[in-house]
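Colleague: Let me begin by handing over the structure; questions about it come next.
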Amino acid sequence: MSDVKIHRVKPEWKKNALIDNETYLKWYAESVKNPDKFWGKHGKRIDWFKPYTKVKNTSFTGKVSIKWFEDGLTNVSYNCIDRHLKKRGNQTAIIWEGDNPYDDRKVTYNELHEYVCRLANVLKKHGVKKGDRVTIYMPMIPEAAYAMLACTRIGAIHSVVFGGFSPDSLAGRIVDCKSTFVITADEGLRGGKPIPLKDNTDKAIEIAAKSKVKVDKVLVVRRTGSKTGWVEGRDVWYHDEVASVKPDCKPEKMKAEDPLFILYTSGSTGKPKGVLHTTGGYLVYVSMTHQYVFDYRDGDIYWCTADVGWVTGHSYIVYGPLANGATTLMFEGVPNYPSASRFWEVVDKHKVNIFYTAPTAIRALMGAGDSHVKKTSRKSLRVLGTVGEPINPEAWEWYFKVVGDKKVPIVDTWWQTETGGILITPLPGASDLKAGSATRPFFGVQPELVDNEGKVLEGTASGNLCITDSWPGMMRTVYGDHDRFVKTYFSTYKGKYFTGDGCRRDQDGYYWITGRVDDVINVSGHRMGTAEVESALVSHDKVSEAAVVGYPHDIKGQGIYCYVTLMAGEQWSDDLRKDLVAHVRKEIGAIASPDKIQFAPGLPKTRSGKIMRRILRKIAEDDFGALGDTSTLADPHVVDDLIANRQNKR
Ligand code: ATP
Ligand code: MG
């Protein structure tokens, strides 16, 4: 790769930061040397009804068992709401920014307390008990957060299903966790378009019934007021129900290891897994990472653009920020509606200090042109974050230069649904930054690189990313299938949590995620991560996005097949194709020379915005008869176009 530019910590980033480099190194050393002591101390950042006396009790071998703070009693909604009331009852807890820029709302901690208590009482009234599973299928409105918190208040386990999912996907998730209570809305609204959530729910319930899972109650929030189907006795209105119960509800005393929620992974690599998180360790870990990774300070306005349907929304819109008494912004809309300036207009409108989004959004906004950014002020920004996929250095530099005006540090946070919270990340006041690197592990996280035979790689190396010991926020099992948990994560490399991601460690001990291990290609005996070739393509000034896969090649073993999306207004031509080949050769070397380049007006992405390379691999192999599970695909139509224009037709 061309030379990596280091962005050193600026004095103004360090000035009031919670953690500087010395502190990072010191705490990190303590955290891995004596996890019991370290977490025993930091576990106290949340309130416990009964303090824990045991801290860590975990094993990555045999049946695999993970317990943190196991004899402590606490409650998540108590920690996210009640304990703040004395000091910040009238502070805004949630700023809601609607799809329509004229639509917004502020909810104080006092109000949040009342709404969550009422909803918890509604759940109780309908017989929902501790341990029951409640499915939440909602648009991005505050009621989605109330629903999650209401479940935690009474000890019910929520399963949030992203509002963009189809009736089939929703049904599959209802059946998998045998959920009999669903909370939804009449419709959602995104980019001006309604999404028929209630109608989808009705269909999903029918589908679920075929698998003998009967949903008894559907609680419906009125969002748009549109007409929907209605089943008497089963369906009830949220506004009627919450008006009929008391505004106070005592939080249930939960054991630290009681289940908190189930969340299905986004399905980039296959059938989604029902990841189970528990109460105490999870909350300690997400509140601590939220504070230190974003250098969150009292009074900051914090905005994470994810959907609550993803783990990022769970940990860094709802639980982490609220546990810290923050003001968290919840956005109903999309980045390019009404225009590609929307994010930055919202930043200015609400004076956002901390902004956290995904590479897919950054690349799309970069493709739309700088003018949309430059016409806004963005003066309030202090920290920028990214999560979800490897961020190409080109997109990173654009984010840094154009969005942050070179004044704001970027935290590239690597983590997974399974990890509960951020594992590898810079800290704004501590870490020198390298575009495209998630940099160093968070406290207590011990990454290790191993080769395919499991041999541990030391120093500068490239391999499979494992984590060798437990951290409090990690998943405890796959819901209802502990064997799958052990097999998926702990059997590839015995005694280690295997992430499924490939990774490189450089001479400074910085980690560079190179993509999924399945996406590593082997060209004439040279292993390379697809992320590297993609970044080279995106560094060409006409390219906004690229996806690279391997395909069988008679001579090289694997050939390099590239799908390329151009910047707005650029035209595709054979000359450009040649130019791109030359550009990649110059950036990486002849070995990475693309064999095939296909112009792609759109790429197949999961609903969370990640490129689904396994589908692109099939198309590149000219074997698209069996594309596998495509139920989590955002727009199935892009696949037809890619198939029609494939470069490897037999
Ligand atoms: P499935 O496990 O069902 O295939 P998924 O892995 O896409 O779905 P998530 O848990 O949402 O589901 O995503 C985690 C993955 O996202 C990581 O394993 C990694 O591949 C990628 N990822 C997340 N953040 C980063 C980042 N900062 N840099 C590089 N990759 C990232
Ligand atoms: Mg995954």
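Colleague: Using only the Cα atoms of the stretch 408-462, what are the Rg and Dmax in Å?
Modeller: Cα radius of gyration and Dmax of the stretch 408-462 are 12.8, 41 Å respectively.
Colleague: Please report, in debye to the nearest 20, how large the charge dipole of the chain is about its Cα centre when each Lys and Arg carries +1 at its beta carbon and each Asp and Glu carries -1 there.
Modeller: Roughly 1500 debye, rounded to the nearest 20.
Colleague: Also, I was wondering about something else. Tilt of helix 574-587 relative to the longest C-alpha principal axis of the chain, in degrees (0 to 90, nearest 10)?
Modeller: The helix 574-587 is inclined about 80 degrees to the chain.
Colleague: Hull surface divided by four, with the convex hull built on the Cα atoms of the chain: how many nm²?
Modeller: Quarter of the Cα hull surface area: 27.3 nm².
Colleague: Could you tell me which of the pairs 106/351; 210/618; 86/106 are separated by over 23 angstrom between their Cα atoms in the structure shown?
Modeller: On the way: 106/351 14 Å; 210/618 32 Å; 86/106 19 Å.
Over 23 Å apart, Cα to Cα: 210/618.
Colleague: In square nanometres, what is the average projected area of the Cα convex hull of the stretch 319-400? Please list the in-between numbers first.
Modeller: Values: hull surface 22.8 nm².
Over every viewing direction, the Cα hull of the stretch 319-400 projects on average to 5.7 nm².
Colleague: Still on this structure, please answer the following. Of all trypsin sites (Lys or Arg not before Pro) in the stretch 30-104, which ones are in loop regions per DSSP and have a Cβ with at most 11 other Cβ atoms within 10 Å?
Modeller: Answer in residue order: 63.
Colleague: Pull up all non-local amide H partners of residue 217: gap of 5 or more, or a different chain, and H-to-H distance under 5 Å with H placed in the peptide plane.
Modeller: 182
Colleague: List the residues, sorted by chain then number, that are 5 or more residues from residue 378 or on another chain and whose placed amide H is less than 5 Å from its amide H.
Modeller: 348
Colleague: Tell me, what are the semi-axes, in whole angstrom and largest first, of the equivalent ellipsoid of the stretch 210-300 as set by the roots of 5 times the Cα gyration tensor eigenvalues?
Modeller: Working: eigenvalues 204, 104, 61 Å².
For the stretch 210-300, the ellipsoid semi-axes come out as 32, 23, 17 Å.
Colleague: Okay, next question. Explain nothing, just the number: dipole magnitude of the stretch 524-645 about its Cα centre with +1 on each Lys and Arg Cβ and -1 on each Asp and Glu Cβ, in debye rounded to the nearest 20.
Modeller: Details: 15 positive and 18 negative charges, 78 e Å.
Dipole about the Cα centre, nearest 20: 380 debye.
Colleague: A further question follows. Across all directions of projection, what mean area in square nanometres is found for the Cα convex hull of the stretch 102-242?
Modeller: Numbers: hull surface 32.6 nm².
Computed as one quarter of the Cα hull surface, the answer is 8.2 nm².
Colleague: Using alpha-carbon pairs under 8 Å, 6+ residues apart, how would you state the relative contact order of the stretch 524-645 in percent? Numbers along the way, then the final one.
Modeller: Details: 177 pairs, mean separation 27.6, N = 122.
After rounding, I find 23 percent.
Colleague: Would you mind computing, in nm to one decimal, how far apart the modelled labels at residue 53 and residue 375 are, each placed 7 Å from Cα along Cα→Cβ?
Modeller: Roughly 6.5 nm, to one decimal.
Colleague: What FRET efficiency comes out for residue 508 versus residue 232 if R0 is 56 angstrom and r is the Cβ-Cβ distance? Round to the nearest 0.05.
Modeller: Working: r = 65 Å, r/R0 = 1.16.
Efficiency, from the Cβ-Cβ distance: 0.30.
Colleague: Sort by residue number and report every cysteine in the chain with no other cysteine beta carbon within a distance under 4.7 Å.
Modeller: Unpaired cysteines in the chain: 80, 151, 177, 304, 466, 503, 562.
Colleague: Just the number, please: carbon plus sulfur as a percent of the accessible area of the chain, 1.4 Å probe, no ligands or DNA/RNA counted.
Modeller: On the way: 12150 of 24610 Å².
About 49 percent, which is the carbon plus sulfur part of the accessible surface.
Colleague: Let me ask something else about it. Could you tell me the calculated FRET efficiency between residue 207 and residue 22, based on Cβ-Cβ distance and R0 = 56 angstrom, to the nearest 0.05? It would help to have the intermediate numbers written out before the result.
Modeller: Values: r = 57 Å, r/R0 = 1.01.
So, using R0 = 56 Å, E works out to roughly 0.50.
Colleague: I would also like to ask the following. Once every DSSP H run of n ≥ 4 in the chain is given -39500 (n - 2.57) and the sum is divided by its residues, what mean residue ellipticity at 222 nm do you get, rounded to the nearest 500 deg cm²/dmol? Before the final figure, lay out each step's value.
Modeller: Numbers: 21 runs with 189 residues, N = 650.
Theoretical 222 nm ellipticity from helices: -8000 deg cm²/dmol.
Colleague: Further, regarding this structure: Determine the percent antiparallel among the DSSP beta bridges restricted to the chain, to the nearest 5. Could the numbers behind the result be given before it?
Modeller: On the way: 60 of 99 bridges.
Approximately 60 percent, going by the DSSP bridge assignments.
Colleague: Right, next: Along the positive direction of the dipole of the stretch 524-645 (beta-carbon charges: Lys, Arg +1; Asp, Glu -1; about the Cα centre), which of 598, 547, 643 reaches farthest?
Modeller: Going by the charge dipole, the pick is 547.
Colleague: Using a 10 Å cut-off on Cβ atoms, rank the peptides 192-199, 630-637, 443-450 from the highest mean neighbour count down. Mind showing how you got there, number by number?
Modeller: Details: 192-199: 17.2, 630-637: 15.4, 443-450: 21.0.
By packing density, highest mean first, the sequence is 443-450, 192-199, 630-637.
Colleague: Suppose the Debye formula is applied to equal point scatterers at every Cα of the stretch 524-645; what is log10 I(q)/I(0) at q = 0.16 Å⁻¹?
Modeller: Log10 of I(q)/I(0), two decimals: -0.76.
Colleague: What residues qualify as long-range amide H neighbours of residue 442, i.e. H under 5 Å apart, gap of 5 or more or another chain, H built at 1.01 Å from N?
Modeller: 424, 425
Colleague: Only Lys, Arg, Asp and Glu count, each charged at its Cβ (+1, +1, -1, -1), so figure out the dipole size of the stretch 467-592 about its Cα centre, rounded to 20 debye.
Modeller: On the way: 15 positive and 18 negative charges, 104 e Å.
Charge dipole of the stretch 467-592: 500 debye, to the nearest 20.
Colleague: State the answer as a single residue: which of 492, 320, 634 lies farthest towards the positive end of the charge dipole of the chain, with beta carbon charges of +1 for Lys and Arg and -1 for Asp and Glu, about the Cα centre.
Modeller: 320
The values are calculated or read from the model by the stated rules, or taken from the named source; none is laboratory data. Since this is a predicted model, take the numbers as computed values, not measurements. Backbone-built Cβ (ideal geometry, glycine too); neighbour counts: all protein chains shown. Side chains included, ligands, DNA and RNA excluded: accessible areas come from the protein's heavy atoms. Shrake-Rupley method; radii C 1.70, N 1.55, O 1.52, S 1.80 Å.
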